[in-house]
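Taking it in order: structure first as structure tokens, then the write-up.
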Amino acid sequence: MDPQWDDSLPIYRQLRDRVVAMILEGALKEGDPLPSVRSVAAEFRLNPLTVLKGYQQLVDEQLVEKRRGRGMFVSEGARKALMKDERARFLEDEWPKVYATIQRLGLSAADLLRNGAPPPATPWPSTPGQDQDQDASNDDDN
């Protein structure tokens, strides 16, 4: 996790968002343990209650489960649920802004493909041309 915090959101929320990003990126997989509250607090010089509050949000969202005496673990189906939510959030919140900017600048799809950033060498999380239904069913296999 990146130890840089900003003033845009409370630290516990930023911590929650970083764990979510780690799940989406595959750094934390279903069934994996989260770092202990004490170790995160010590490593990033945070109050343990701040870390616990961020983790508790993940528990409340059913993305993480507490196992008494063992710690917290990424829940079964967490990545799939996050992908669904993040896709919906992107399409509702981010895409209209991006689309408006594209329109305002008079860019075409060809312009974007020709002059945009090169595609990653290894497409992730899906390959071009693969539809979202296939992507979602592949998540069940993992």
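Computed from the coordinates by the stated procedures, all read-outs in this text should not be read as laboratory data. Small disclaimer: the values here were computed from a predicted structure and weren't measured. Note that each Cβ is placed from the backbone with ideal geometry, even for glycine, and that neighbours are counted across all protein chains shown.
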Subset of segment 17-42 (residues that are farther than 20 Å from residue 70 by Cα and of a type outside the set (A, V, I, L, M, F, W, C)): 17, 18, 25, 26
Pick from segment 76-116, criterion acidic (Asp, Glu) and surrounded by 10 or more Cβ atoms within 10 Å (Cβ to Cβ), ranking: nearest to residue 34 (Cα to Cα): 76
Residue list for segment 31-49, filter: within 22 Å of residue 82 (Cβ to Cβ) and in contact with a helix residue (DSSP H, G or I) (Cβ under 6 Å, 6 or more places away or on another chain): 37, 40
Test: residue 22 is surrounded by 15 or more Cβ atoms within 10 Å (Cβ to Cβ) and closer than 30 Å to residue 115 by Cβ: no
